Amino acid sequence: MTCAQVRERGCPGRLRRHALSETRRAERLALLERFIEVSAEAERCAYTRPSDGEETDAWYLTTRDVMYRFWVADRLIRIQFPPPVHDAAHAPFLELNRTVWEGLPDGGSVRDYLEGNRSAFLDTARAVMG
């Protein structure tokens, strides 16, 4: 049930507030899931990044689509969550975006490079979601 549907049903005070709260929580969980899923897709793009100068059309087209969806997911987090959650989500977004398009500095491990900010995001989201 969406927030609009709860409002339309005209639930009494406390019940209505609880229903809206639960609906918002479900919407936020869906956004977090979307962000995490597309983040994993972007990470796979980083893992399969061709060496410099060898970008294939297939890799580029797939990656461009994934990174666009990742950008949208990042913006939705900004709209629906308090600034600390978006800040925590935006840091791995920026790192992953840079890694996908430019490669890793010093050829390090994608997983190791991204782990710190990814964990910080998950911890921040969990704290807000309760």
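The values are calculated or read from the model by the stated rules, or taken from the named source; none is laboratory data. What you are looking at is a predicted structure, and each value in this text was computed from that prediction instead of being measured. All Cβ positions, even for glycine, are placed from backbone atoms using ideal geometry, and neighbour counts span all protein chains on display. Calculation scope for accessible area: heavy atoms of the full protein, side chains included, ligands and nucleic acids excluded. Shrake-Rupley method; radii C 1.70, N 1.55, O 1.52, S 1.80 Å.
Computed from Cα atoms, the angle from the helix 83-102 axis to the main principal axis of the chain rounds to 20 degrees. Compared with the dominant Cα axis of the chain, that is its longest principal axis, helix 57-80 is turned about 30°. Give me Rg/Rg_expected for the chain, where Rg uses Cα atoms only and Rg_expected = 2.2 N^0.38 Å with N residues. Expressed relative to 2.2 N^0.38 Å, the Cα Rg reads 1.29.
The GNM of the chain, with springs linking C-alpha atoms under 10 angstrom apart, assigns the highest mean-square fluctuation among 34, 17, 25 to 17.
Each label point was placed 7 Å from the Cα along the Cα-to-Cβ direction; for residue 80 and residue 30 their separation is 0.7 nm. Using just its DSSP H runs of length 4 or more, each adding -39500 (n - 2.57), the chain gives a mean residue ellipticity at 222 nm of -28500 deg cm²/dmol after division by all residues. Relative to the longest principal axis of the Cα atoms of the chain, the long axis of helix 13-47 lies at roughly 10 degrees. Heavy atoms of the protein chains alone define the surface here; on that basis the chain has 62 Å² accessible area per residue at 1.4 Å probe size. Ignoring GluC sites (Glu not before Pro) that are buried or in helix or strand per DSSP, and keeping those with at most 14 other beta carbon atoms within 10 Å, what is the longest stretch of the chain between them? Maximal segment without exposed cleavage sites: 56-130. When the alpha carbon gyration tensor of the stretch 63-130 is reduced to an equivalent ellipsoid, its three semi-axes come out at 22, 15, 7 angstrom, largest first. Carbon-plus-sulfur accessible fraction, the chain (probe radius 1.4 Å, protein heavy atoms only): 52%.
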